[in-house]
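Here is the structure we will look at, set down as structure tokens.
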Amino acid sequence: MPHPLIPVPTPETQPFWDGCNEGVLRINRCVACGDAYFPPSPICPQCSSSDVEFFDATGDATLYSYTIQQKPLDLWDTQGPRSVALVKLAEGPMLTSSIVNCEQTPETLLLDMALRATFVNFGGTTVLCFEPVEEQQ
Amino acid sequence: MIPPGATAIVGAAESTEIGTVPNVSSVGLAIDAAANAMRDAGVTAADIDGFTCGYFPVADMSRQLGIFPSWADNTVVGGCSWMFQLRNAVAAIHSGYCTTVLIVYGESGKSTRRLGQSGDAGQRGGIGQQFDMLYSGGQAAATFTLPVLRYQREYGLSDEDLAVGAVSQRAWAVDVPRATLREPTSVDEVLDSPMIAWPIRRAMCCLVSDAGGALVVTSADRAMDHPKPPVYVLGTGGALESGVMSAAGVREPLRPEFIRTSGDAAFASSGITHSDVDHLMIYDAFIHNPIFGLEGLGFVEYGEGGHFIAEGHTAPGGDLPMNTSGGGLSYAHTGAYGMLCMLESVRQVRGEAANQVSDVDVALCHGWGGYWSACATLVFGAHAQ
């Protein structure tokens, strides 16, 4: 029995998880009203249209708010305190994630800092995280 | 619209013991509380024709109690489920579906880890399980609290000012015999408590307790036939928003619309204004919940809630007594605190609270469910209006 917090995709969310395996942030967009949204769903939460599609988002985002969890699950490859974050995508949606590839301290994690999507192993599943843009330069 | 005071709470009780209750399951706590509430109301199972319990299969529980209801609910939206159920019971009684409803809650959050009950979050393949809970490991202290840092930065609320909320509620709990934590505390002590999820420390998080609670609700025309003074339901509100543990599903995380929607409905249906509120309960799973509640309900402007608490308005001696039992931080918090939250409001309106506020004519009670997923607002009164 896998750990209960290892994500279990459904047919409706599978394209997002396929994107994670390909290193791409794949989210939904409504063809009718143009609204990008998350989490995946077969109906647009903005206008109720069923004419929706998946697309590859830029992966660009900013840090809205966060906590630093002192004792995270040991399913992550890295140990020690870990950020839990509200991340705002350039396309608009807000989602829960974690900021990786940087120190997990208030001095390093600055509100509104530029982030980009990255993909991390979580108990054998590839999941979406974000990293500071500067770290890559 | 249901007229203010069309229904009333005529029976209300907690489980005989709360806090740490070994060797009693969630079911046992619920049945104990139900029995106490029926005795408090002077009724037996034969007088009950409406039933709701939330965390248990509804017919399992009603049958154990010897109740054969013609109306049942069992809405589960997290910690405020029993507040939603009260709202639904008011409508059911007013519409004639039933005359007298028993609302039952029990949760062995500490001793038997919820033995005998079903949960409300995190199903495999659910949105929360796939896209939210993995990041926090399901730890509420790291997720429910996500807007706190943004709030502090946006509105200039220091850690010291934030900590006052925990100090104020402990100050209430000192005089409450059934409260779990009764030693006075200080801002320094709160800020020295172990870090759980920066900037949230242990003393900013609720307790983990065992408790049950139950209410008996009936129509106003029957309300005088019971031993205790009726606590009239003057108005109700409820709303849903996030759907996940974090605030990622809240459209405006610092100005959550669901709080305003619920509060506006409660004020409109009761006909009261903010200045009518003599006593306030705002469900505190974590220290920031009352801040967001005060603002969303319109007691203060957005951005003022943290400072309002820091200035002592809600503490003993303040002009807006809030969470007078000590709340989830100091009294008890099982996992779902909504029933315990309502029971303090009922005690205050009846005049039987440990920290009795003088002349409570109107009491407002606001609770959360599923983190930022649901909230409910209830207005109780000593008079039908």
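Bear in mind that the values in this text are calculations on the coordinates, not laboratory data. Bear in mind that the values here come from a model prediction, so they are computed numbers and not experimental data. FYI the Cβ positions are ideal-geometry reconstructions off the backbone, even for glycines, and counts take in every protein chain you see.
Orientation-averaged projection of the range A:12-57 equals 2.6 nm² [convex hull of Cα atoms, one quarter of hull surface area]. About the centre of its Cα atoms, the range B:47-164 shows a dipole size close to 320 debye [charges on the beta carbon of Lys, Arg (+1) and Asp, Glu (-1) only; nearest 20 debye]. Across peptide B:136-143, the mean count of Cβ atoms from other chains lying within 10 Å of each residue's own Cβ comes to 6. A helix-only calculation puts chain B at -9000 deg cm²/dmol for mean residue ellipticity at 222 nm, using -39500 (n - 2.57) for each DSSP H run of at least four residues, averaged over all residues. Mean sequence separation of contacting Cα pairs (under 8 Å, at least six apart), scaled by the length of the range B:165-299, corresponds to a relative contact order of 19 percent. Across peptide A:7-15, the mean count of Cβ atoms from other chains lying within 10 Å of each residue's own Cβ comes to 3. Each principal axis of chain B carries a Cα extent, and these read 55, 45, 39 Å when sorted largest first. Which GluC sites (Glu not before Pro) does the range B:285-318 hold that lie in a coil by DSSP with at most 12 other beta carbons within 10 Å? Taking the range B:285-318 and a limit of 12 other Cβ atoms within 10 Å, the loop GluC sites (Glu not before Pro) found are B:E301. In units of the rule-of-thumb radius 2.2 N^0.38 Å, the range B:1-121 shows an alpha carbon radius of gyration of 1.03. Taking every residue in A:66-78 and counting other chain Cβ atoms within 10 Å of its Cβ, the average works out to 6. Considering only B:P57, B:P22, B:P147, the Gaussian network model of chain B with Cα springs below 10 Å gives its largest mean-square fluctuation to B:P22. Could you work out the percent of alpha carbon pairs in the protein assembly as shown separated by over 33 Å, rounded to a whole number? Above the 33 Å cut-off, the protein assembly as shown has 40 percent of its Cα pairs.
Each Cα pair under 8 Å and six or more residues apart adds its sequence gap; the mean of these over the residue count of chain B is a relative contact order of 26 percent. Within the shell of other residues whose beta carbon sits under 15 angstrom from the beta carbon of B:I282, the net charge comes to -4, with Lys and Arg scored +1 and Asp and Glu -1. Arranged from fewest to most other beta-carbon atoms within 10 Å of their beta carbon, B:M339, B:M1 become B:M1, B:M339. Considering only B:Q85, B:Q123, B:Q348, the mean-square fluctuation computed in a Gaussian network model of chain B, springs between alpha carbons under 10 angstrom, is largest for B:Q123. When B:I2, B:I287 are sorted by how many other C-beta atoms sit within 10 angstrom of their C-beta, beginning with the fewest, the order is B:I2, B:I287. Taking the alpha carbon gyration tensor of the range B:225-268, multiplying each eigenvalue by 5 and rooting it gives semi-axes of 32, 12, 7 Å, largest first.
With the cut-off at under 18 Å, measuring from each backbone N in the range B:272-295 to a point 7 Å along the Cα-to-Cβ line of B:D175 picks out B:278-281.
Net charge within 10 Å of B:A214 by Cβ-Cβ distance, Lys/Arg positive one each and Asp/Glu negative one each, not counting B:A214 itself?
Net charge in that neighbourhood comes out at -3.
Dividing the radius of gyration of the alpha carbons in the range A:58-137 by their Kirkwood radius gives 0.93 for Rg/Rh.
Helix check for chain B. Which DSSP H runs span at least 15 Å along their own axis by Cα, with a mean Kyte-Doolittle hydropathy no less than 0.5?
B:26-41
Of the peptides A:47-54, B:328-335, the ranking by mean beta-carbon count within 10 Å, highest at the top, reads B:328-335, A:47-54.
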